[in-house]
1. Please enumerate the residues belonging to the stretch B:229-255 that are more than 19 Å from B:Phe196 (Cα to Cα) and open to solvent by less than 50 Å² (accessible area, probe 1.4 Å).
2. For B:Ala148, work out the one condition from (1) free of Cβ contacts under 8 Å to residues at least 40 places away in the same chain; (2) in contact with a Phe, Trp or Tyr (Cβ under 7 Å, 6 or more places away or on another chain) it doesn't fulfil.
3. Please find, within the stretch B:64-82, the residue that is nearest to DNA strand C (Cβ to nearest atom) out of those that are of a type outside the set (S, T, N, Q) and closer than 15 Å to B:Val104 by Cβ.
4. Step by step: first the residues of the stretch B:85-113, then only those that are at the interface with chain A (Cβ under 7 Å from one of its Cβ atoms) and touching a residue at least 24 places away in the same chain (Cβ under 8 Å), then the one that is least open to solvent (accessible area, probe 1.4 Å). Which residue is that?
5. Quick check on this structure: which one of A:Ile132, A:Ile150, A:Ile116 is within 13 Å of another protein chain (Cβ to nearest Cβ) and open to solvent by less than 30 Å² (accessible area, probe 1.4 Å)?
There are 2 protein chains.
Amino acid sequence: MSQDPAARQSSGHQSSEHPSPEHRTDGLLASLVAAEGARAKTATEFVEATLKKGILTGALPAGMALRQEELAREFGLSRMPIREALRQLEAQALIDFLPHKGAVVTEISLDDALDIFAIRRALETAAFALSIANLRPDDLSRAIETIAEIDAEADPARLGHLNRQFHMTLYACAGRPKLLALIEVQLASYDRYLRFHLSARGREHMAQDEHRAMVEAAAARDVATAVAILERHIDTAAEALKQFYAAREAISGGA
Amino acid sequence: MSQDPAARQSSGHQSSEHPSPEHRTDGLLASLVAAEGARAKTATEFVEATLKKGILTGALPAGMALRQEELAREFGLSRMPIREALRQLEAQALIDFLPHKGAVVTEISLDDALDIFAIRRALETAAFALSIANLRPDDLSRAIETIAEIDAEADPARLGHLNRQFHMTLYACAGRPKLLALIEVQLASYDRYLRFHLSARGREHMAQDEHRAMVEAAAARDVATAVAILERHIDTAAEALKQFYAAREAISGGA
DNA sequence: CCTGCTAGAATTGGATCCAATCAACATTGG
DNA sequence: CCAATGTTGATTGGATCCAATTCTAGCAGG
């Protein structure tokens, strides 16, 4: 049964029943389940990837309770792969797992975002500094290419992916796989903020100018300048998010 | 059944059977199962904590295959809590989980250790810089106290814990919980190296002089000096480990 | 003698079932 | 009328069972 996860929901023993009105995740997950495609070896991996994407893109909003049985119905599976997937998501700090109470999508606050920015600043500057000397011309051209793709892309979810791709391309030659893996996790976590951040302030906040400046400094092998730009890049993003939260607070507080 | 994990192995329906000669983890885990105590709400948490300690202390060496059924026998549980615990350990990069093949304790190499040092250097310097201004006198005295405890402690496993405690005390006032949590994970990962590193080179490599210098610089609120000492502290540890691996390579290569 | 195939065992992935726990609600005594 | 308590429902934690996959050993054929 694990050879074709994409066809799982059509295994057909509980597809058309239970049109009960209390299933809140149905419409939200249906598209994700279909979009995830057939790239997954086991059902657990499939569920994990789908839920992860759902959380990062915001389809599963913060604070939402994830009922095991309900998810099992949505995916057309038993509760077991759901449970194992939830365990792994908990280890990635995407959900909170309270014993006997269930799983809840972790809340995101400004403080959490500032934590992520602090972590990113520390890790990415280190990786960038290590990587610059080893960057090949095709790495740089790929980075420039990604900048163009970002300009052309409209979908916020894809934008997050492209932004991640751009940054990772510049760090890829650091020769520190665990460091890079950790950065990728943090960048993925940032997607949760990037999404509603973009929707509120527009795509200008991708700061493409700084992206280009990073590539230029890297091409010139100017580590100090490159790192300085990256630091400012992250700091301005943090500042923008701070203002966004302040504005939102003013609205909800004044109303 | 989840009210007393410490008494789990004596639930008694499969205790004295199966003294088969092929169970390799029996002696290794027995002490750990007993030592973990009763502090765990669910069986899964209990198993996870026990295995984690086993891996970090080296009782479960790198490359060891973790058979689910065998572990279930050891713990006196079914395979299910084992499976969920293994999933979480995989997310912490302590084991590799190959579909249909099983779980293996992740190998540790010099490159991996250098990765951890690079990550620690980036994260800890950032946290230390943020924390210094907020450190209270009792934080500093607690750090000094921990230095003394390190001098008095003989057990390598406890040494790792104390070393972690010392560092975390100095970073605790950074006001960035996620950053601190990440550092703690990395420091715990480092325990795997610290252990055989200590056994080979002696406790002098805890570098207590640098520990004291860090506290002094922090007390003087001298961020630049403190960060510089910390960087050197980590770099010298990395260098020591490099030499250790080189020496081991020379032995095994020459024999 | 070596190579490729096949059948079996070993092991994991997934489903179903039962027990323990928690929350809410009704009930009863003060 | 309020508070403490028992009870019931929902939900998760854990156990057992079955299916799918991988590895291995043995055998036939070249």
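The values are calculated or read from the model by the stated rules, or taken from the named source; none is laboratory data. Just so we're clear, the structure is a prediction, and the values are computed from it rather than from any experiment. Counting neighbours? That spans all protein chains shown, and the Cβs are built from the backbone with ideal geometry, glycine included. Only protein heavy atoms, including side chains, enter the accessible area calculation; ligands, DNA and RNA are left aside. Shrake-Rupley method; radii C 1.70, N 1.55, O 1.52, S 1.80 Å.
1. B:Ile229, B:Leu230
2. (2)
3. B:Arg67
4. My answer is B:Gln88.
5. Exactly one residue qualifies, and that residue is A:Ile116.
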